[in-house]
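Notes follow the structure.
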Amino acid sequence: MAPHIPTVVTGGGSLLYPEDLDVAGDGSVYVADTGHDRIAVWDGASMTTFAQAGLDGPQGVAVSTRFSV
């Protein structure tokens with residue numbers, strides 16, 4: 001099965017009930033933003049959202065050395 005490729009939506013905003021985070025090798029911070037049903041990514045300058053169909057209240061996130069979420 002092919003890996004799921006998330007839709008990237010640029011934007012900002014706040015976090016609502018963040019549950020978990022992980023820091024990628026490039027310093028980007030990935031946050032399980034449970035209240036907004038998304039994985040938010042902070043690169044030090046802006047926040048980007050990885051929106052996935054069916055993502056419902058994520059409670060954890062992990063980033064591999066190949067930047068797979």
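Just the residues that are on the phi < 0 side of the Ramachandran plot, of a type in the set (Gly, Ala, Ser) and open to solvent by 40 Å² or more (accessible area, probe 1.4 Å), please, taken from region 27-43.
Within region 27-43, no residue meets the criteria.
Which one is modelled with the highest pLDDT, of the residues in region 18-66 that are among the polar types (S, T, N, Q) and not in a loop (DSSP other than H, G, I, E, B)? Step through it out loud before you land on a result.
Filtering region 18-66 down to residues among the polar types (S, T, N, Q) leaves 28, 34, 46, 48-49, 52, 59, 64-65.
In the following step, the residues that additionally are not in a loop (DSSP other than H, G, I, E, B) were identified as 34, 48-49.
Numbers: Thr34: 89, Thr48: 84, Thr49: 84.
Looking at residues that are among the polar types (S, T, N, Q) and not in a loop (DSSP other than H, G, I, E, B), I get Thr34.
The values are calculated or read from the model by the stated rules, or taken from the named source; none is laboratory data. All values derive from a computational prediction rather than experimental measurement. Heads up: the accessible areas ignore ligands, DNA and RNA and are worked out on the full protein's heavy atoms, side chains in. Shrake-Rupley method; radii C 1.70, N 1.55, O 1.52, S 1.80 Å.
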